[in-house]
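Student: First the structure, then my questions, so here it is.
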Amino acid sequence: MKQNNNTILLCTALILAAVFFRIVFAETGWYNLAPLVAISIFSGAILKNKSYAFIIPLAAYLLSDVYMQVANGTGFYGISQFFVYGAMALVVLLGSKMNKIQPLRVLGFTIGGSLLFWLISNFGVFAEGYYGYSANGLAQTFLAAIPFYKNEFSTKLFFNPIIGNVVTSGILFAAYAVLKNKVAAPKAIAG
């Protein structure tokens with residue numbers, strides 16, 4: 001029972017943190033810095049109950065989308081949103097394939113998850129038809145997605161998610177390792 005309560009507490013904390021960061025970063029103009037991919041990789045890799053692992057990022061997205069819809073009308077935006085939610089579910093699935101938790105593996109899975117999310121979510125923009133349904137439209141979609149292309153070329157918005165996810169993954173997995181060792185150490189001494 002205690003393990004289940006700890007899992008529920010962890011899930012709730014991760015959802016609230018993800019919602020908080022997504023809203024704060026969107027409201028302050030630090031777009032795409034919210035570490036939802038990192039939380040998805042962590043959930044998929046750590047949680048034994050995979051239902052919880054999938055619920056965490058999807059609930060975080062839904063709650064923050066509801067807030068953004070109420071606050072400024074941008075929370076729900078069309079067909080491409082289904083690709084965003086689907087991409088997040090695939091990132092959780094990717095995290096569940098991490099057999100051993102080692103720093104380089106965490107880094108690789110986090111960067112891979114960030115790129116997977118970027119590709120699928122931006123394919124959703126193409127499916128929405130913003131740039132037309134052609135090879136040129138697909139190329140324009142991904143070109144525009146690199147920095148949310150404006151008049152000046154800036155990669156800030158492309159690298160924000162990778163940086164946010166790598167830093168957050170490092171924090172989550174390091175904290176998990178420390179806590180896991182603190183819990184396991186007394187058992188080893190008592191045993």
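Student: Can you name the helices (runs of 4 or more DSSP H) wholly within region 1-75 that have at least 2 residues being surrounded by fewer than 22 Cβ atoms within 10 Å (Cβ to Cβ) and not acidic (Asp, Glu)?
Tutor: Where helices (runs of 4 or more DSSP H) fall fully within region 1-75 and carry at least 2 residues being surrounded by fewer than 22 Cβ atoms within 10 Å (Cβ to Cβ) and not acidic (Asp, Glu), they are 2-28, 50-72.
Student: Continuing with this model, one more query. Just to be sure before I move on: is residue 101 under 24 Å from residue 6 (Cα atoms), in contact with a Ser or Thr (Cβ under 9 Å, 6 or more places away or on another chain) and of a type in the set (A, V, I, L, M) in the structure I sent?
Tutor: Considered against the rule, which asks whether it is under 24 Å from residue 6 (Cα atoms), in contact with a Ser or Thr (Cβ under 9 Å, 6 or more places away or on another chain) and of a type in the set (A, V, I, L, M), residue 101 comes out as no.
Student: Quick one: would you say residue 111 is out of contact with any Pro (no Cβ under 8 Å at 6 or more places or on another chain), hydrophobic (A, V, I, L, M, F, W, C) and surrounded by fewer than 18 Cβ atoms within 10 Å (Cβ to Cβ)?
Tutor: yes
Student: Just checking, does region 54-76 include any residue being touching a helix residue (DSSP H, G or I) at 6+ places or on another chain (Cβ under 6 Å), closer than 21 Å to residue 177 by Cβ and touching a residue at least 40 places away in the same chain (Cβ under 8 Å)?
Tutor: yes
Student: A further question follows. Please determine whether any residue of region 63-78 is in contact with a Lys or Arg (Cβ under 6 Å, 6 or more places away or on another chain), closer than 26 Å to residue 7 by Cβ and among the small types (Gly, Ala, Ser).
Tutor: Yes, region 63-78 contains a residue that is in contact with a Lys or Arg (Cβ under 6 Å, 6 or more places away or on another chain), closer than 26 Å to residue 7 by Cβ and among the small types (Gly, Ala, Ser).
Student: Please list, ordered by residue number, the helices (runs of 4 or more DSSP H) wholly in region 79-151 having 2 or more residues that are under 17 Å from the mean Cα position of the chain (by Cα).
Tutor: The qualifying helices (runs of 4 or more DSSP H) are 80-96, 103-128.
Student: Going by the conditions given, is residue 83 open to solvent by less than 40 Å² (accessible area, probe 1.4 Å), farther than 17 Å from residue 46 by Cα, in contact with a Ser or Thr (Cβ under 6 Å, 6 or more places away or on another chain) and at pLDDT 90 or above?
Tutor: No: the conditions fail for residue 83.
The values are calculated or read from the model by the stated rules, or taken from the named source; none is laboratory data. Everything numeric in this text was worked out from a predicted model, so none of it was measured. Please note: Cβ atoms are built from the backbone with ideal geometry, for glycine as well, and neighbour counts cover all protein chains shown. We work out accessible area using only protein heavy atoms, side chains counted, and drop any ligands, DNA or RNA first. Shrake-Rupley method; radii C 1.70, N 1.55, O 1.52, S 1.80 Å.
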